[in-house]
1. Of the residues that make up region 341-353, is at least one within 30 Å of ALA112 (Cα to Cα), among the β-branched types (Val, Ile, Thr) and out of contact with any Cys (no Cβ under 6 Å at 6 or more places or on another chain)?
2. Can you pull out every residue in region 37-69 that is surrounded by 14 or more Cβ atoms within 10 Å (Cβ to Cβ), on the phi < 0 side of the Ramachandran plot and assigned to a loop (DSSP other than H, G, I, E, B)?
3. Regarding ALA10, is this residue assigned by TED's automatic domain parsing to the domain that holds ILE114, within 13 Å of GLN96 (Cα to Cα), of a type in the set (A, V, I, L, M, F, W, C) and touching a residue at least 12 places away in the same chain (Cβ under 8 Å)?
4. Hey, could you check region 453-465 for residues that are touching a strand residue (DSSP E or B) at 6+ places or on another chain (Cβ under 6 Å) and hydrophobic (A, V, I, L, M, F, W, C) and say which is surrounded by the fewest Cβ atoms within 10 Å (Cβ to Cβ)?
5. Of the residues that make up region 323-335, is at least one touching a helix residue (DSSP H, G or I) at 6+ places or on another chain (Cβ under 6 Å) and of a type outside the set (Lys, Arg)?
6. Going through ARG135, ARG116, ARG124 one at a time, which residue ends up being closer than 22 Å to ARG42 by Cβ and not assigned by TED's automatic domain parsing to the domain that holds LEU204?
7. Being acidic (Asp, Glu) and under 28 Å from HIS280 (Cβ atoms) is the requirement here; does GLU321 meet it?
8. Can you find a residue in region 13-33 that is surrounded by fewer than 16 Cβ atoms within 10 Å (Cβ to Cβ), more than 18 Å from the chain's Cα centre (by Cα), part of a loop (DSSP other than H, G, I, E, B) and touching a residue at least 60 places away in the same chain (Cβ under 8 Å)?
Amino acid sequence: MDAEVIVVGAGPAGMMLAGELRLAGVDVVVLERLDQRTGESRGLGFTARTMEVFDQRGLLPRFGEIEISEQGHFGGLPVDFGLLDGAHQAAKTVPQSHTETVLEEWATGLGADIRRGHEVTAVRDEGQGVAVEVRGPSGSQRLTAEYLVGCDGGRSLVRKAAGFDFPGTAATMEMFLADVKGLDLAPRMIGETLPGGMIMVGPLPGGITRLIVCERGAPPQRRTTPPEYDEVAAAWKRLTGDDISHGEPVWVSSFGDATRQVTEYRRSRILLAGDAAHIHLPAGGQGMNTSIQDAVNLGWKLAAVVRGRAPESLLDTYHGERHPVGERLLMNTQAQGLLFLSGPEMQPLRDVMTELIRYPEVGRHLAGMVSGLEIRYDVGGGVSPLLGRRMPQVDLVSDGISTDSTRALHAGRGVLLDLADNAVLRRRVAGWRDRVDLVTAVPAGTAAAQRLVGSSAVLVRPDGYVAWAAPGSHADLPMALERWFGPAR
């Protein structure tokens, strides 16, 4: 084998997956068709859940100063994200280009092999491994690996070549996305509709203005190259009457409202993550964030299987947990599209939604949906409210030293928090100490104890989700450890 895992695509999902695999010591090669990063920033900022994901790997300081915000929207209607109980708020104005740079530096620093200018032309599952045909700077070659993960975007060659079903609806319109210098425009939030469509204006650092232009009725185009800025300026003038042709485009792109999701995230030794598995209208910046979280869910599981620490059946939980998340993503982006892309006939519904969002319960529900904080996996029966949810950030004292539950996840391993200095518990986890770190600690203060809702011990998976809690889980600890980390040694 040329690698234990081959990842196709060096976007945020591919880079996050490569880093997660390297944390576990897996030999990974990333194949990227482009010679260099595009510099485009389709995604802009992080949801609260992605902020937590980066924090649990110690990555947040690498992004520099991050502007956070409690204000968000659902279909252009304002939503107060301050209603959510979490360690982080959403991050604003972090360009996707910067995110890709940070993640690539992290992954390569851990030893990932990133090969740019290498285009995958064919994929074949050979039973005991996967073979890919690659066209690169030195010509064509054949590479093999135990597993292959397609993180190669909405037009994924891996998805097509491996025969994944990709049902859904085709695009019905085309929209423009552009970052432009030299414009002096007042900010306009998504949701400010015009008679002929919708526009958005957002200021970015460096004197750049982010534009989104949706001209209602504009048919989707089959483009092989990005649109020209002249097209954006012409659509803008038709919608607003204003001339922005003097602007200097940094980059221009187009997108549609196609909505599709693969029926399975895994076929034998080939898996999909990110836009390769689901495409949708970019509403609320959820696409890149969901893709990163796909990678974090998959990474530790794939590493455990490759390393022989867990049975192959563990990979089935990747589809079982992330496919429903993708379904919710498609549902809420379609709903948002109806709200901010439809004409005046939708105004009564906008008015009703505006009234409903003022109720804290409704605002909290919608904020949790688009932030990812509502996610709860099925990890087995029990009554503990922590089960299946991401472990809340809890301040702890361990051996007289202040720490927290998030810092314990930096190494990408499982963590058993022993909050009652339980010797029996320590004996039970002994057979998994090569995969699970034991942290004996006490909550630091009343607030920390309240977040633990009376738990005396909590088993946290490497992706930060709670797999077992005492009291409150129907399964005993060894059963939970074996399910998520393989047999004891």
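The values are calculated or read from the model by the stated rules, or taken from the named source; none is laboratory data. Keep in mind it's a predicted model, so treat the numbers as computed, not measured. So basically every Cβ, Gly included, is an ideal-geometry build from the backbone, and we count neighbours across all protein chains shown.
1. At the first step, the residues of region 341-353 found to be within 30 Å of ALA112 (Cα to Cα) are none.
Looking for residues that are within 30 Å of ALA112 (Cα to Cα), among the β-branched types (Val, Ile, Thr) and out of contact with any Cys (no Cβ under 6 Å at 6 or more places or on another chain), one finds none in region 341-353, hence no.
2. Answer for region 37-69, where residues must be surrounded by 14 or more Cβ atoms within 10 Å (Cβ to Cβ), on the phi < 0 side of the Ramachandran plot and assigned to a loop (DSSP other than H, G, I, E, B): ARG37, THR38, GLU40, SER41, ARG42, GLY43, THR47, ARG57, LEU59, ILE66.
3. Numbers: assigned by TED's automatic domain parsing to the domain that holds ILE114: yes; within 13 Å of GLN96 (Cα to Cα): yes; of a type in the set (A, V, I, L, M, F, W, C): yes; touching a residue at least 12 places away in the same chain (Cβ under 8 Å): yes.
Yes; evaluated as a whole, the condition is true for this residue.
4. Among those residues, the one meeting the criterion is ALA457.
5. Just the residues of region 323-335 that are touching a helix residue (DSSP H, G or I) at 6+ places or on another chain (Cβ under 6 Å), to begin with: 329, 332.
Of the ones still in play, those that are also of a type outside the set (Lys, Arg) are 329, 332.
Checked against the condition, which is being touching a helix residue (DSSP H, G or I) at 6+ places or on another chain (Cβ under 6 Å) and of a type outside the set (Lys, Arg), region 323-335 yields at least one hit.
6. Numbers: ARG135 fails: closer than 22 Å to ARG42 by Cβ; ARG124 fails: closer than 22 Å to ARG42 by Cβ.
Answer to the check: ARG116.
7. Working: acidic (Asp, Glu): yes; under 28 Å from HIS280 (Cβ atoms): yes.
So GLU321 fits the description; yes.
8. We begin by selecting, within region 13-33, every residue surrounded by fewer than 16 Cβ atoms within 10 Å (Cβ to Cβ); these are 25.
Imposing the further condition that a residue be more than 18 Å from the chain's Cα centre (by Cα) reduces the set to 25.
Okay, now just the ones that are also part of a loop (DSSP other than H, G, I, E, B), so 25.
If we keep only those that are touching a residue at least 60 places away in the same chain (Cβ under 8 Å) as well, we get 25.
Scanning region 13-33, I find at least one residue that is surrounded by fewer than 16 Cβ atoms within 10 Å (Cβ to Cβ), more than 18 Å from the chain's Cα centre (by Cα), part of a loop (DSSP other than H, G, I, E, B) and touching a residue at least 60 places away in the same chain (Cβ under 8 Å), so the answer is yes.
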